[in-house]
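Here's the structure we're looking at; comments come further down.
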Amino acid sequence: MKAEIISIGTELLLGEIIDTNSAYIASRLPALGIDVYYQHTVGDNLSRAIEVLRRARDNNDVVITTGGLGPTEDDLTREAIAAVLGEDVHLDPELAEGLRQRSLRQGTPFLERTLKQAWLIPSARPITNARGSAPGWWVERDGKVIIAMPGPPGEMTRMWEEEVAPELLKRSDGAVLVTRTLKTTGMGEPLVDETLSQLLKSNNPSIGIYARPDGVHVRMGAKAPTQDEARRLIDEMEVRIRELLGIAVWGTDNETFMSTVGEMLAQRGLTLAVMESCTGGLLSDEITNVPGSSRYFRGGIVSYATEVKELMGVDPAVIARHGVISNETAAAMAAAVRDRLLADIGIGITGVAGPESQEGKPVGEVHIAIDGGGKLADQSLTFTFGQGREQIKRRAATQATMLLRRALLASEGAAS
């Protein structure tokens with residue numbers, strides 16, 4: 001089957017909202033045996049929406065839209081679909097009553113304009129929206145399907161996973177594509193490419209290598225008549241890749257670097273505390289984004305001002321002798337926070353996020369230190385990052401996590 005994805009909303013065209021919905025849907029269609037050749041974005045304009053929808057329906061088996069299902073005048077997806085099929089909308093009594101009951105439960109006034117979300121056409125059936133008020137539409141006629149889903153990502157993803165994807169899977173009759181990504185660190189893209197050179201000649205599974213902020217990713221993709229057969233091909237290739245890359249592989253697919261390092265801490269019964277300056281709490285945020293991080297994370301201190309570093313236990317003499325932007329100060333921060341928060345391991349980060357230089361140090365210079373408290377060997381490294389303030393902060397947080405992983409592996413007699 002062939003599909004086209006259409007995002008609807010003027011806010012997307014103006015760049016006010018980033019279209020994550022299309023990327024989400026596109027990443028999941030291959031596993032259903034559905035190919036995507038085109039994606040389009042169209043604003044809240046009825047004639048243009050009709051034009052894009054009609055062309056997509058003429059050229060594809062499935063058309064998937066997101067956005068434009070709200071109750072306002074500029075939510076035009078229903079009108080556009082109705083016009084493409086030449087059908088009239090009608091108010092569905094059951095959907096209308098559901099909207100009234102929802103308003104009653106929430107204690108909000110019921111507005112007549114919300115009844116637009118209870119519209120249907122003869123060829124459409126509603127798709128349950130468990131997280132919002134606007135149901136989707138499953139429209140089927142003449143062997144073609146149009147699937148209309150809401151724009152808010154939380155509503156759309158839930159509807160896709162629970163309602164839409166299972167139905168599409170039942171209808172899939174072609175080869176499915178299963179992908180898996182192995183994530184590596186400590187090896188540059190050229191070295192990964194050279195190490196896997198013989199495997200890169202494989203057509204099924206195919207292999208792609210991509211540089212990412214958290215390391216180099218190796219993406220495998222296998223086609224087969226069934227998902228089980230495709231997964232078997234992927235499993236066999238993964239074993240061969242892991243044999244070649246060894247401990248450079250730190251995770252797969254949706255795993256984050258912090259989730260895998262956090263699991264290493266939990267398995268060893270070790271606790272962590274961090275003191276951040278230039279990253280402004282970003283590392284602590286990434287740590288606590290992992291469910292269950294309370295098992296190993298004691299807490300974090302954002303010591304942006306020099307006097308706060310000293311207040312938290314950093315020796316003023318170290319700062320006076322070496323400066324705030326130094327490995328020595330980062331190490332003193334790591335030791336101080338480990339001691340203050342009663343943790344096994346401390347991490348200290350200091351640097352120049354910019355846009356101005358500091359202490360004669362260039363923008364992007366970052367110092368990261370780990371105090372292992374006798375449980376791990378102490379670590380200290382200096383990096384120079386570019387690409388602006390936000391990227392400097394993000395890359396510094398990522399490198400701190402990578403440095404911690406290296407220390408944990410070294411404690412087992414391994415080296416990353």
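Per-structure values
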| item | result |
| --- | --- |
| Pick from the stretch 252-291, criterion in a loop (DSSP other than H, G, I, E, B) and hydroxyl-bearing (Ser, Thr, Tyr), ranking: farthest from GLY354 (Cα to Cα) | THR271 |
| Qualifying residue in the stretch 361-371 (condition: under 29 Å from the mean Cα position of the chain (by Cα), under 23 Å from THR271 (Cα atoms) and of a type in the set (Gly, Ala, Ser)) | yes |
| All positions within the stretch 77-106 that are of a type in the set (Asp, Glu) and either touching a residue at least 24 places away in the same chain (Cβ under 8 Å) or touching a strand residue (DSSP E or B) at 6+ places or on another chain (Cβ under 9 Å) (or both) | GLU79, GLU87, ASP88, ASP92, GLU94 |
| Checking MET275 against (1) closer than 21 Å to THR350 by Cα; (2) outside the structural domain of ARG405 (by TED's automatic domain parsing), the condition it does not meet | (2) |
| One residue from MET402, MET333 being at pLDDT 95 or above, assigned by TED's automatic domain parsing to the domain that holds GLU310 and either surrounded by fewer than 17 Cβ atoms within 10 Å (Cβ to Cβ) or not acidic (Asp, Glu) (or both) | MET333 |
| Residues located in the stretch 336-383, provided they are surrounded by 24 or more Cβ atoms within 10 Å (Cβ to Cβ) and of a type in the set (Gly, Ala, Ser) | ALA336, GLY346, GLY348, GLY351, ALA369 |
| Positions within the stretch 269-279 being buried (at least 16 other Cβ atoms within 10 Å of the Cβ) and out of contact with any Leu (no Cβ under 7 Å at 6 or more places or on another chain), in sequence order | LEU270, THR271, MET275, SER277, CYS278, THR279 |
| Strands (runs of 3 or more DSSP E) wholly inside the stretch 135-249 containing at least 1 residues that are closer than 30 Å to GLY86 by Cα | 136-141, 144-149 |
| Number of the exception - PRO109 against (1) in contact with a Leu (Cβ under 8 Å, 6 or more places away or on another chain); (2) outside any strand (DSSP E or B); (3) without any contact (Cβ under 8 Å) to a residue 60 or more places away in the chain | (1) |
| Exclusive hit being at pLDDT 95 or above and either outside the structural domain of LEU69 (by TED's automatic domain parsing) or not β-branched (Val, Ile, Thr) (or both), set PRO135, PRO109 | PRO135 |
| Test: residue in the stretch 115-132 that is closer than 30 Å to ASP214 by Cβ, modelled with pLDDT of 95 or more, of a type in the set (S, T, N, Q) and surrounded by fewer than 20 Cβ atoms within 10 Å (Cβ to Cβ) | no |
| All positions within the stretch 289-319 that are touching a helix residue (DSSP H, G or I) at 6+ places or on another chain (Cβ under 8 Å), within 23 Å of LYS393 (Cβ to Cβ) and among the aliphatic types (A, V, I, L, M) | VAL290, ILE301, VAL302, MET312, VAL314, ILE319 |
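To keep it simple, each residue is scored yes or no on (1) of a type in the set (Val, Ile, Thr); (2) buried (at least 16 other Cβ atoms within 10 Å of the Cβ); (3) out of contact with any helix residue (DSSP H, G or I) (no Cβ under 8 Å at 6 or more places or on another chain).
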position	(1), (2), (3)
ARG57	no, yes, no
ALA82	no, yes, yes
LEU85	no, yes, yes
PHE110	no, no, no
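The values are calculated or read from the model by the stated rules, or taken from the named source; none is laboratory data. Values in this document were obtained by computation on a predicted structure and should not be read as measured data. Cβ atoms come from the backbone with ideal geometry, glycine included; neighbour counts cover every protein chain shown.
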